[in-house]
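**Student:** Right, I'll just put the structure down here and ask away after.
We did not get these values from a lab; they are worked out from the coordinates using the rules stated. Here the structure is a predicted model, which means the values were calculated and not measured. Note that each Cβ is placed from the backbone with ideal geometry, even for glycine, and that neighbours are counted across all protein chains shown.
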């Protein structure tokens with residue numbers, strides 16, 4: 001069991017006939033570091049450095065030539081707009097904290113629940129009957145901090161070439177990723193197999209794929 005409980009809003013979506021087997025939240029340090037060290041970082045750094053050099057030269061020129069204030073305001077406004085990639089990068093870091101506050105996970109005996117979002121709250125549910133793949137992903141920061149991601153997908157989910165992963169539902173940045181992976185894999189294998197290949201035409205007592213799940 002994770003040390004952090006899922007958000008109450010997420011738990012409220014779970015029906016009474018479901019049993020919560022695991023719940024948690026992402027590692028805060030990893031979540032924020034991944035927002036800082038994103039692909040936009042080198043672009044924002046170089047862009048900001050170049051603009052700061054121009055601002056320095058401009059400031060020196062102002063002291064020597066003393067241009068009128070209107071020219072100075074126009075140039076400062078231009079650089080403020082020109083540094084938009086830097087502002088976008090910094091905003092991404094700030095907004096990542098809001099996303100962290102809204103992110104939590106829960107696993108029941110019927111499916112996986114994930115909440116997220118920055119200004120709005122998004123809730124996703126993926127039943128085990130719709131899962132076909134369960135994978136573990138660990139980036140550089142994940143490995144440094146001893147955490148990982150569990151990625152769950154179905155046959156209809158597309159492929160994300162950027163991260164070399166299937167698009168699906170993800171439980172990210174958790175310390176007990178191996179335990180969660182084993183739990184999800186077992187539930188997905190049992191329930192998915194019973195759904196796709198039922199024996200005895202699913203009688204009152206299910207003699208399916210060696211499961212303990214008895215349908216109502």
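**Student:** Once the Cβ-Cβ distance between residue 144 and residue 19 is put in as r, and R0 is 25 Å, what FRET efficiency do you end up with, to the nearest 0.05?
**Tutor:** On the way: r = 35 Å, r/R0 = 1.38.
For R0 = 25 Å, the calculated efficiency reads 0.10.
**Student:** Can I ask one more? Between residue 182 and residue 109, what is the label-point separation in nm under the 7 Å Cα-to-beta-carbon projection?
**Tutor:** So the two model labels end up 2.0 nm from each other.
**Student:** I need the peptides 136-147, 111-122 ranked by packing, meaning the mean over residues of other C-beta atoms within 10 angstrom, with the highest value on top.
**Tutor:** Result, highest mean Cβ count within 10 Å first: 111-122, 136-147.
**Student:** Please compute the modelled spin-label separation between residue 135 and residue 49, points set 7 Å along Cα→Cβ, answer in nm with one decimal.
**Tutor:** 3.4
**Student:** Testing the spin-label approximation: label points 7 Å from Cα along Cα→Cβ at residue 80 and residue 11. State their distance in nm.
**Tutor:** 4.6
**Student:** Subtracting the Cα-Cα distance from 0.36 nm times the residue separation, let me have the gained length for residue 120 to residue 189 in nm, one decimal. Walk me through the numbers before you get to the answer.
**Tutor:** Values: separation 69, 0.36 × 69 = 24.84 nm, distance 3.34 nm.
Stretched out fully, the residue 120 to residue 189 stretch lengthens by 21.5 nm.
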